[in-house]
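Remarks on the structure that follows.
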Amino acid sequence: TNENSKEVVEQTMPSLIVVPVSLIHNWQKETIKFAPLLKIHLYINHNRTKEIDTFNNYDIILSTYGIVRNDIEILENIDFHYIILDESQIIKNPASKIYKAVLRLQSQYKLVLTGTPIENSLTDLWAQMNFLNYGLLGDLRFFKEEFLKPIENQNSEEHQIKLNKLI
């Protein structure tokens, strides 16, 4: 670029990072440390603004699973650039309100971060993959018949290999 030219900063959609309450301030500190130019908005506690137009003034909206669940009617109307779920095993139960809420969120890209993608059953994995790429592993009933039962009940290596290839 030319020294005399002004850098044009393009306004992009904000990204949403959803974390457990205990990790909010850690994410805030780490973002400031490693990406100090990013503008962060903490969308937490009872004083949070319901004016979603203000979200466009930020690069990152940092919130919790509980807030997303409670404010889904507001948040589902925002087109996020990224949605990142930290400790994503929290959405492992497809019948939970949190799982149903995060599925309603809109974004160009999605990421999940977890150290335990399967805590109890392959259903945990299905829920997280379904959030990332809706329908990739079929609906839950199909997944249970095609993968869960053969792998967990019959220890089917063939089905395990097929599932590994898909994910």
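Values for this structure:
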quantity: First in the range 108-130 and over 25 Å from residue 150 (Cβ atoms), second anywhere and in a helix (DSSP H, G or I), Cβ under 9 Å, 6 or more apart; calculated: 110/131; 110/132; 111/88; 111/132; 113/88; 115/89
quantity: Selection from the range 66-78 of residues that are open to solvent by less than 10 Å² (accessible area, probe 1.4 Å) and touching a residue at least 40 places away in the same chain (Cβ under 8 Å); calculated: 68, 75
quantity: Residue 63 in a strand (DSSP E or B), open to solvent by 30 Å² or more (accessible area, probe 1.4 Å) and modelled with pLDDT of 95 or more; calculated: no
quantity: Inter-residue pairs, beta-carbon under 7 Å, first among the aliphatic types (A, V, I, L, M) and in the range 138-155, second open to solvent by less than 40 Å² (accessible area, probe 1.4 Å) and part of a helix (DSSP H, G or I), 6+ apart; calculated: 140/126; 148/122; 148/123; 151/122; 151/163
quantity: Tally, over the range 104-117, of residues that are surrounded by 13 or more Cβ atoms within 10 Å (Cβ to Cβ), polar (S, T, N, Q) and part of a loop (DSSP other than H, G, I, E, B); calculated: 1
quantity: Options 125, 137, 163: the member that is in a loop (DSSP other than H, G, I, E, B) and crowded, with 18+ Cβ neighbours inside 10 Å; calculated: 137
quantity: Residue within the range 89-103 that is in contact with a His (Cβ under 9 Å, 6 or more places away or on another chain), of a type in the set (A, V, I, L, M), open to solvent by less than 20 Å² (accessible area, probe 1.4 Å) and under 30 Å from residue 36 (Cα atoms) present; calculated: no
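The values are calculated or read from the model by the stated rules, or taken from the named source; none is laboratory data. Fair warning: this is a prediction, and the values are worked out from it, not measured in the lab. Neighbour counts are summed over all protein chains in view; Cβ atoms, including those assigned to glycine, are modelled from backbone coordinates with ideal geometry. Note: areas computed on protein heavy atoms with side chains; ligands, DNA, RNA excluded. Shrake-Rupley method; radii C 1.70, N 1.55, O 1.52, S 1.80 Å.
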